[in-house]
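Single-structure report; data block below.
The values are calculated or read from the model by the stated rules, or taken from the named source; none is laboratory data. Not measured: the values here are computed from a predicted model. Don't worry about glycine lacking a Cβ; one is built from the backbone with ideal geometry, like all the others, and counts go over all protein chains shown. For accessibility, only protein heavy atoms count, side chains too; no ligands or nucleic acids. Shrake-Rupley method; radii C 1.70, N 1.55, O 1.52, S 1.80 Å.
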Amino acid sequence: VHQSKSPDVKFIDGSWHMPVGPSPRNGRAEFLRGPRIPGALYFDIDDVSLPPSLNPKKLPHMKPTAKVFAAAMDRMGISPEDTLYVYGMEGCGFVHRAYWTLRSCGHDLGKVKLIQGSMKEWKDMCGEVEEGVLTEEDERLFRVSEMDLENLTPRYTCRGREGNVGDGDVVVGMEEVLNVVNQNISNKNSDDGKKNAIIIDARSYGRFVGTEPEPRPGLRGGHMPGSLNVPFVSLLDPNDLTKFRPMDEVRDIFVNAGLNKNSDVDGQNQKVICTCGSGVTAAALAVALEECGLREKEDISIYDGSWIEWGGDDTTPIVTTED
């Protein structure tokens, strides 16, 4: 595809890394230094996100508004007709959020592809490589935060799930998640015990039960009552975190955690809400659920505030033992 040099094809580095530890990796800085796929663009999930005016809690990398997303697409030279190939650098197990954002904010679902394999594998297979350090003035390193969004009229048109202009319902907020948790607690005590929706947490088991500290200070440990635990890394190839395990293995992991294709409410698949620390690795769950066939895209949402919001609020219910 890259060798075709088609102007309707764009390669996008969606690398991101947890900003913790003494020397955390930084996707934008690595893109600047190179190597890159020639002509590749960089999608910064921290920058192409909900603007501060709409994000009073200052939650990181929240799903952008349609206008913010469209403005970013314009600056990247992307049109709704383009086919996008998203890739990550070696060892990056977080690229799914960029892929999920591009699909969930309105680009044609069939025209966003997630490359399985890293830049290292690309080089090993003799793929073309762009070397050299970019200057900060390079157009590919733009920042939405520096754009005058108020006076912009983007050309790119975002499409909703049903082809209508809009954001759709791919994300849910704390109030909706709290309603699901309370309903599930109530239903657990009822005769049928059915859950209206299932919450799946992508954090490690230790964080899920509160025996491991949260990487971000000030957050309580534990999980939402009634939620399932599927650590996102368990879905990835242990030898290459830019790849999923075979989809039959991914499906078994979800089923063994308690998610069943036949678990339904009134003949419909239960909705699934994916959550994690800050909304990034929840995207790995969302993508995997769709790819392995356990849920359709319309049945999957991400709790964008995730544990940063839930664990940082003293009023939300938390348990530290397995249900």
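Scan segment 114-142 for residues that are open to solvent by 90 Å² or more (accessible area, probe 1.4 Å) and either of a type in the set (D, E, K, R) or touching a residue at least 12 places away in the same chain (Cβ under 8 Å) (or both) and jot them down.
Across segment 114-142, the qualifying residues are Lys120, Lys123, Asp124, Glu131, Val133, Glu136, Glu137, Glu139.
Looking at (1) surrounded by 17 or more Cβ atoms within 10 Å (Cβ to Cβ); (2) without any contact (Cβ under 8 Å) to a residue 40 or more places away in the chain, which one does Phe11 not meet, given that it meets all the others?
(2)
For the subset of segment 24-44 comprising residues that are part of a strand (DSSP E or B) and touching a helix residue (DSSP H, G or I) at 6+ places or on another chain (Cβ under 6 Å), which member is nearest to Arg216 (Cα to Cα)?
Tyr42
So if I check each of Ser53, Ser49, which one is closer than 23 Å to Val280 by Cα and open to solvent by less than 40 Å² (accessible area, probe 1.4 Å)?
Values: Ser53 fails: open to solvent by less than 40 Å² (accessible area, probe 1.4 Å).
Answer to the selection: Ser49.
Every residue, every condition in (1) surrounded by fewer than 15 Cβ atoms within 10 Å (Cβ to Cβ); (2) assigned to a helix (DSSP H, G or I), yes or no:
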site	(1), (2)
Ser6	yes, no
Met18	no, no
Pro22	yes, no
Arg75	no, yes
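Given (1) at positive phi; (2) part of a helix (DSSP H, G or I), where does His61 come up short, assuming only one miss?
Tallying (1) at positive phi; (2) part of a helix (DSSP H, G or I), His61 fails exactly one: (2).
Could you please let me know if Ile253 is modelled with pLDDT of 95 or more, among the aliphatic types (A, V, I, L, M) and over 18 Å from the mean Cα position of the chain (by Cα)?
Yes: the conditions hold for Ile253.
Assess whether Arg159 counts as being more than 24 Å from Leu236 (Cβ to Cβ) and not acidic (Asp, Glu).
Taking the combined requirement at face value, the residue satisfies it.
Could you please find all residues in segment 20-49 being among the aliphatic types (A, V, I, L, M) and either touching a residue at least 40 places away in the same chain (Cβ under 8 Å) or at positive phi (or both)? Give the derivation first.
Just the residues of segment 20-49 that are among the aliphatic types (A, V, I, L, M), to begin with: 20, 29, 32, 37, 40-41, 45, 48.
Within segment 20-49, Val20, Leu32, Ile37, Ala40, Leu41, Ile45, Val48 meet the criteria.
If I filter segment 238-265 down to residues being assigned to a strand (DSSP E or B) and open to solvent by less than 40 Å² (accessible area, probe 1.4 Å), which single residue comes out as farthest from Pro24 (Cα to Cα)?
Step one: filter segment 238-265 for residues assigned to a strand (DSSP E or B), giving 240-244, 264-265.
Cutting the leftovers down to open to solvent by less than 40 Å² (accessible area, probe 1.4 Å) gives us 240, 242, 244, 265.
Numbers: Asp240: 19, Thr242: 18, Phe244: 23, Val265: 43 Å.
Once the filter is applied, the top-ranked residue is Val265.
Residue by residue through segment 35-46, note down the ones that are over 13 Å from Arg75 (Cα atoms) and either open to solvent by less than 20 Å² (accessible area, probe 1.4 Å) or touching a strand residue (DSSP E or B) at 6+ places or on another chain (Cβ under 6 Å) (or both).
Of everything in segment 35-46, those that are over 13 Å from Arg75 (Cα atoms) and either open to solvent by less than 20 Å² (accessible area, probe 1.4 Å) or touching a strand residue (DSSP E or B) at 6+ places or on another chain (Cβ under 6 Å) (or both) turn out to be Arg36, Ile37, Pro38, Ala40, Ile45.
Here is a list of conditions, (1) open to solvent by less than 50 Å² (accessible area, probe 1.4 Å); (2) more than 20 Å from the chain's Cα centre (by Cα), and Ala70 meets all of them except one; can you say which number that is?
Of the numbered conditions (1) open to solvent by less than 50 Å² (accessible area, probe 1.4 Å); (2) more than 20 Å from the chain's Cα centre (by Cα), the odd one out for Ala70 is (2).
So which residues in segment 206-235 are within 19 Å of the chain's Cα centre (by Cα), small (Gly, Ala, Ser) and part of a helix (DSSP H, G or I)?
Scanning segment 206-235 gives a single hit, Ser234.
Looking at (1) in contact with a helix residue (DSSP H, G or I) (Cβ under 8 Å, 6 or more places away or on another chain); (2) small (Gly, Ala, Ser); (3) open to solvent by 50 Å² or more (accessible area, probe 1.4 Å), find the lone condition where Gly93 falls short.
(3)
Which of the residues belonging to segment 274-312 are open to solvent by 30 Å² or more (accessible area, probe 1.4 Å) and either among the polar types (S, T, N, Q) or within 14 Å of Glu214 (Cα to Cα) (or both)?
Within segment 274-312, Ile308, Gly312 qualify.
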